[in-house]
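In what follows, a single structure is set out as structure tokens and then discussed.
The values are calculated or read from the model by the stated rules, or taken from the named source; none is laboratory data. Keep in mind that what you see is a predicted model, and the values were worked out from it rather than measured. Heads up, the Cβs are rebuilt from the backbone with ideal geometry, glycines too, and the neighbour counts pull from every protein chain shown. Quick note on the areas: whole protein, heavy atoms, side chains included, nothing else; ligands and nucleic acids left out. Shrake-Rupley method; radii C 1.70, N 1.55, O 1.52, S 1.80 Å.
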Amino acid sequence: MTRTFDIIVLGLGANGSSTLYHLARTGKKVLGIDRFQPPHTHGSSHGESRIIRQAYYEDPIYVPLLKAAYPLWADIEKASGKKLFQKTGGLMLGIEDTAVIKGSRLSAETHHIPYEYLSSSDLQKRFPAFLPQPDTVGLLENEAGILFPEACITAFLTQAVHNGAHMICNESVLHITPGNDNVELTTSTGKYTAGQLILSAGAWTGQLLPELQLPLSVKRQPLYWFKEGDPSRATRYLPANMPVYIWEYLPGRMFYGFPDLGNGIKIAWHHRGETIQPDELKQFTSSEEIREMQQIAEKYLGMAPIYNTSLVCMYTNTPDEHFIIDRHPVFKNIIIASPCSGHGFKFSSLTGKILSDMATDKKIPFDLSPFSITRPAIYQPIT
Ligand SMILES: Cc1cc2nc3c(=O)[nH]c(=O)nc-3n(C[C@H](O)[C@H](O)[C@H](O)COP(=O)(O)OP(=O)(O)OC[C@H]3O[C@@H](n4cnc5c(N)ncnc54)[C@H](O)[C@@H]3O)c2cc1C
């Protein structure tokens, strides 16, 4: 038997769970479906913490979206009664003309975001958790902090169901059959149709739309937790003393991290993983990988780092590292959302609202053209 809905959300990670929540509140008959039971460790939205910040080094175009995402995080925090965000401040670190420093400053100045510009000695005095070199500078933004991704997804899904959404987990969509009036999904156990489909399948997006040949590359991204071995220095790594940070330690090469939330500091490379197929993701890190990151924690955080644990996640990257948020170029009743490239979580409170508004024909008060699926970096129609 085929079940029929107004709108189906395929994939209930960061973006899909938020979308389902916003759609449920419109009164439409909506279904959210996922191959696993979110939140889970098979995609891109796990691992205790995500950075949220506004002085966006990647591009000032993101700042209006971030300004809108913050109050929506506060809304879902209030609706769910759960702690989803912790303010720590955020530090961008690097030498003066690196992309992280120049770009954050540009965004902060363009959009009037208060910030402090700190020299190496300022940094050492204020934040003993960091060991900057003499030419390292820091841009400190107060409103940055940590989102708790598993709690965020749980909050969105719980509130979505509370507002009337249907949800099916542990059922994999095998095939999407587009049509002019309806979209049909074939899963491992049944069929579903809807007037519209929102595809928020993360690393599996390309596989589900093979005809578009989207240039999405899925990268393996390990995360590591280390405890400080010297108890007399442990307090410097606590959230009260250590902001979240991104450190461009060599031009174009970055690591980032979080203070100790109980499991030790979390630290990871940004954009350095090898290409994988999403179904190949394994929760395994080698002793060489762990040792390499331990050396970074020694050198840049002055730690005596004791390895605690690790996880592996996936980035789904576009060639220009901007998101895809657009309708299918041929089948307009399919909306495609791939806000990842390693920086999409912080937006997901808003992305879900935007996708819900798109599906219900509301006006979107943002310029989404940078995320168009037909921009040259993404899609070249066959002529
Ligand atoms: C290690 C790491 C660190 C990051 N750090 C940050 C950060 O600090 N700040 C930030 O803003 N962003 C960060 N990001 C990026 C951010 O986490 C992602 O952009 C975001 O989580 C992507 O969410 P998503 O909903 O697109 O994908 P996912 O959360 O992976 O959701 C996709 C869902 O689709 C489901 N699915 C896929 N195929 C099917 C199918 N065939 N049938 C049914 N269901 C299906 C999957 O099971 C999954 O639940 C980071 C990402 C990683 C990996």
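Please indicate, with yes or no, whether at least one residue in segment 38-45 is free of Cβ contacts under 8 Å to residues at least 24 places away in the same chain, over 20 Å from ILE335 (Cα atoms) and open to solvent by less than 50 Å² (accessible area, probe 1.4 Å).
Quick first cut of segment 38-45, residues free of Cβ contacts under 8 Å to residues at least 24 places away in the same chain only: 40.
Among the residues that remain, those that are also over 20 Å from ILE335 (Cα atoms) are: 40.
Now narrow it down to the ones that are open to solvent by less than 50 Å² (accessible area, probe 1.4 Å): 40.
Yes: segment 38-45 contains one or more residues that are free of Cβ contacts under 8 Å to residues at least 24 places away in the same chain, over 20 Å from ILE335 (Cα atoms) and open to solvent by less than 50 Å² (accessible area, probe 1.4 Å).
For segment 35-65, a residue qualifies if it is touching a Leu at 6+ places or on another chain (Cβ under 9 Å), more than 12 Å from the ligand (Cβ to nearest atom) and not in a loop (DSSP other than H, G, I, E, B), and exactly one does: PRO60.
Total residues in segment 313-328 satisfying the condition of being open to solvent by less than 50 Å² (accessible area, probe 1.4 Å), over 13 Å from HIS271 (Cα atoms) and either assigned to a strand (DSSP E or B) or away from the ligand (no atom under 11 Å from the Cβ) (or both): the figure is 5. Scanning segment 268-280 for residues that are within 13 Å of the ligand (Cβ to nearest atom) and out of contact with any helix residue (DSSP H, G or I) (no Cβ under 6 Å at 6 or more places or on another chain) gives ALA268, TRP269, HIS270, HIS271, ARG272, GLY273, ILE276, GLN277, ASP279. Of the residues making up segment 18-34, those that are within 13 Å of the ligand (Cβ to nearest atom) and either out of contact with any Gly (no Cβ under 8 Å at 6 or more places or on another chain) or β-branched (Val, Ile, Thr) (or both) are THR19, LEU31, ILE33. Evaluation of GLU184 against the conditions (1) closer than 30 Å to THR4 by Cβ; (2) touching a Pro at 6+ places or on another chain (Cβ under 9 Å); (3) open to solvent by 20 Å² or more (accessible area, probe 1.4 Å); (4) in a helix (DSSP H, G or I) shows that the sole unmet condition is (4).
Picking from residues in segment 121-169 that are open to solvent by less than 30 Å² (accessible area, probe 1.4 Å) and among the small types (Gly, Ala, Ser), the one that is farthest from ARG53 (Cα to Cα) is ALA165. Cβ-Cβ contacts under 9 Å between residues 6 or more apart (or on different chains), taken from a first residue in segment 186-208 that is more than 13 Å from LEU31 (Cβ to Cβ) to a second residue that is within 8 Å of the ligand (Cβ to nearest atom) and of a type in the set (Phe, Trp, Tyr), are listed as ALA203/TYR315. For segment 191-219, the set of residues classified as within 16 Å of the ligand (Cβ to nearest atom), open to solvent by 30 Å² or more (accessible area, probe 1.4 Å) and over 15 Å from SER172 (Cα atoms) consists of PRO210, GLU211, LEU216, SER217, LYS219, listed by residue number.
If you check GLU321, GLU274, GLU292 for being more than 19 Å from LEU91 (Cβ to Cβ) and free of Cβ contacts under 8 Å to residues at least 12 places away in the same chain, only one passes: GLU292. Checking ALA234, ALA304, ALA297 one by one, the residue that is within 26 Å of ILE52 (Cβ to Cβ) and surrounded by fewer than 20 Cβ atoms within 10 Å (Cβ to Cβ) is ALA234 and no other. Among the numbered conditions (1) in contact (Cβ under 8 Å) with a residue 60 or more places away in the chain; (2) open to solvent by 10 Å² or more (accessible area, probe 1.4 Å), the only one that GLU96 does not meet is (1).
From the residues in segment 329-341 that are in a loop (DSSP other than H, G, I, E, B) and not β-branched (Val, Ile, Thr), which one is nearest to the ligand (Cβ to nearest atom)? Filtering first and then ranking leaves CYS340. Report yes if SER172 is more than 30 Å from GLU288 (Cβ to Cβ) and at pLDDT below 95, otherwise no. When the stated conditions are applied, SER172 does not pass them. Being of a type in the set (Lys, Arg), open to solvent by 10 Å² or more (accessible area, probe 1.4 Å), more than 18 Å from the chain's Cα centre (by Cα) and under 26 Å from GLN221 (Cβ atoms) holds for only one residue in ARG25, ARG35, ARG105, ARG50, and it is ARG35. In the condition set (1) surrounded by 15 or more Cβ atoms within 10 Å (Cβ to Cβ); (2) more than 16 Å from the ligand (Cβ to nearest atom); (3) not basic (Lys, Arg), GLY179 is compliant with all but (1).
Among strands (runs of 3 or more DSSP E) entirely within segment 213-302, having at least 3 residues that are aliphatic (A, V, I, L, M) and under 18 Å from GLY47 (Cα atoms) singles out 265-270.
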